[in-house]
1. Looking only at segment 198-211, how many residues end up being within 11 Å of the ligand (Cβ to nearest atom) and part of a loop (DSSP other than H, G, I, E, B)?
2. Within the set of pairs 6+ apart or on separate chains, which have a first residue in segment 293-313 that is closer than 15 Å to PRO214 by Cβ, a second that is of a type in the set (D, E, K, R) and not in a helix (DSSP H, G or I), and C-beta atoms under 7 Å apart?
3. Count, please, the residues in segment 88-104 that happen to be within 16 Å of the ligand (Cβ to nearest atom) and either part of a helix (DSSP H, G or I) or open to solvent by 20 Å² or more (accessible area, probe 1.4 Å) (or both).
4. Does at least one position in segment 29-43 carry a residue that is open to solvent by 40 Å² or more (accessible area, probe 1.4 Å), under 19 Å from VAL362 (Cβ atoms) and in contact with a strand residue (DSSP E or B) (Cβ under 9 Å, 6 or more places away or on another chain)?
5. Does any residue of segment 262-270 turn out to be in a helix (DSSP H, G or I), within 16 Å of the ligand (Cβ to nearest atom) and in contact (Cβ under 8 Å) with a residue 40 or more places away in the chain?
6. Starting from segment 177-200, take each residue that is open to solvent by 10 Å² or more (accessible area, probe 1.4 Å) and list its partners that are basic (Lys, Arg) and within 15 Å of the ligand (Cβ to nearest atom), counting only C-beta distances under 9 angstrom and pairs at least six apart or across chains.
7. Of the residues in segment 66-87, how many are open to solvent by 70 Å² or more (accessible area, probe 1.4 Å) and either farther than 24 Å from PHE289 by Cβ or in contact (Cβ under 8 Å) with a residue 60 or more places away in the chain (or both)?
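The values are calculated or read from the model by the stated rules, or taken from the named source; none is laboratory data. Here the structure is a predicted model, which means the values were calculated and not measured. Because the Cβ atoms are built from the backbone with ideal geometry, glycine has one as well, and the counts that use them run over all protein chains shown. Please note that ligands, DNA and RNA were not included when accessible areas were found on the heavy atoms of the full protein model with its side chains. Shrake-Rupley method; radii C 1.70, N 1.55, O 1.52, S 1.80 Å.
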Amino acid sequence: MRPLKSSFGRSWLSQWMLDPSVLYLNHGTVGAPPRRVLEAQQSIRDEIERQPSKFLLRELSAVSTGMPRREAPRLRAAALEVASFVGARGEDLVFVENATTGLNAVLRSFPLREGDEVLVTDHGYGSVVNAAVFHAGERGASVRAAELPPASRGKGAFADAVVSAIGPRTRLLVIDHVTSESALLLPIEEIVPRCRERGVEVAVDGAHAPGAIPLDVSSIGADWYVGNLHKWAYAPRSSAFLWAAPGRQEGLHPPVISWGIGRGWTTEFDWVGTRDPSAYLAAPAAIAFMKELGIDAMRAYNHDLAWEGARLLGAAWGTWPELPESMVGTMATVPLPERLGSSKEDAARLRDALLLEHRIEVQLHAWQRRLWVRISTQIYNELSDVERLAKAITSK
Ligand SMILES: Cc1ncc(COP(=O)(O)O)c(C=O)c1O
């Protein structure tokens, strides 16, 4: 096995609030912000509570009371820092609560007409596919899922499968940057231009991308890009961004309409009613923490651990899925031994047993008539954690 570089590992767990008696191989699912970032968020909350109306109604957004201020609204300043982290301009990016909200904004705003089609893939995230079906259904449009090949066929085959699924009525493609259950890095850099050439607009679901893989959003060429900050970019929940290409901001509305309507797209998204903005405002502290760790070193460690971990599990159970390493980020999905079942109930039972009997929290699901486990690897994990998972499964 390739030796894991760097000094990350178990000693870093103390930087997190995570219960040390549970082996956490599930960072990607709902994220886990480091203590340092939670402290930064708390000091923002303290500042809000000293003068709530001043902070929320005068300083937070361009929807403000009193005379205009010279300083940029707080959300715009934070958006600028997040934008430079993901390769975008501040004015092209707004905060949203999560990837689901960002994609709902795109889907509800997209001018679908009766008979149009939205293309998704059979690896698409369930809640996002539901949103596509709902919004398309309201306009008499439909949703179709492109069938993706086995991972062993490599990135090129994935791009071909998506592009060849485009039909005469396809107007919009919603495609994952990193798929959820299968945890595959999709070749969006190849897919996006090929769709645009065919007149199909593209919304990228990058729920798992920021912090996990290098990201240069504006060079992808998509129309919209949504990324969670609360998964791999260490920001507190709930924190995500929606990026829109300069020509694709007009007509784009948040799912909640409020005071900002008609005042430009960033103002509209920056105020969607009274809420706690501290998770967004703490995102720059999360970026600062990643930079202190060394973003490249952190990503390399997390990737190597996911990749070596997947190889270890595949070898232990005799189920190696022939993944190309270039399709693995900081998570990897491996089939479980067939004797452990194939149904949703089998998955739920096994997931409970891992947590309750072995104190291991990991994503486990039923898909294509078998069970799969998805490991998320973060700097507080080590290969011995994956070995523990391998043994727990072998004992079943
Ligand atoms: C690909 C993908 N899209 C969207 C989401 C939804 O993210 P959220 O629950 O933060 O909206 C997830 C969550 O895991 C995901 O994996």
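1. Qualifying residue count for the region: 3.
2. ALA300/LYS5; TYR301/LYS5
3. Residues flagged as within 16 Å of the ligand (Cβ to nearest atom) and either part of a helix (DSSP H, G or I) or open to solvent by 20 Å² or more (accessible area, probe 1.4 Å) (or both) within segment 88-104 amount to 8.
4. The answer is yes; a qualifying residue exists.
5. Checked segment 262-270: at least one residue is in a helix (DSSP H, G or I), within 16 Å of the ligand (Cβ to nearest atom) and in contact (Cβ under 8 Å) with a residue 40 or more places away in the chain.
6. Correct list of pairs: SER180/ARG374; GLU181/ARG374; SER182/ARG374.
7. 7
Yes/no per residue for (1) among the acidic types (Asp, Glu); (2) more than 13 Å from the ligand (Cβ to nearest atom); (3) surrounded by fewer than 15 Cβ atoms within 10 Å (Cβ to Cβ); (4) in a loop (DSSP other than H, G, I, E, B):
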| position | (1), (2), (3), (4) |
| --- | --- |
| GLU114 | yes, yes, yes, yes |
| LEU119 | no, yes, no, no |
| HIS123 | no, no, no, yes |
| VAL129 | no, no, no, no |
| GLY137 | no, yes, yes, no |
| GLY140 | no, yes, yes, yes |
| LEU148 | no, yes, no, yes |
| PHE158 | no, yes, no, no |
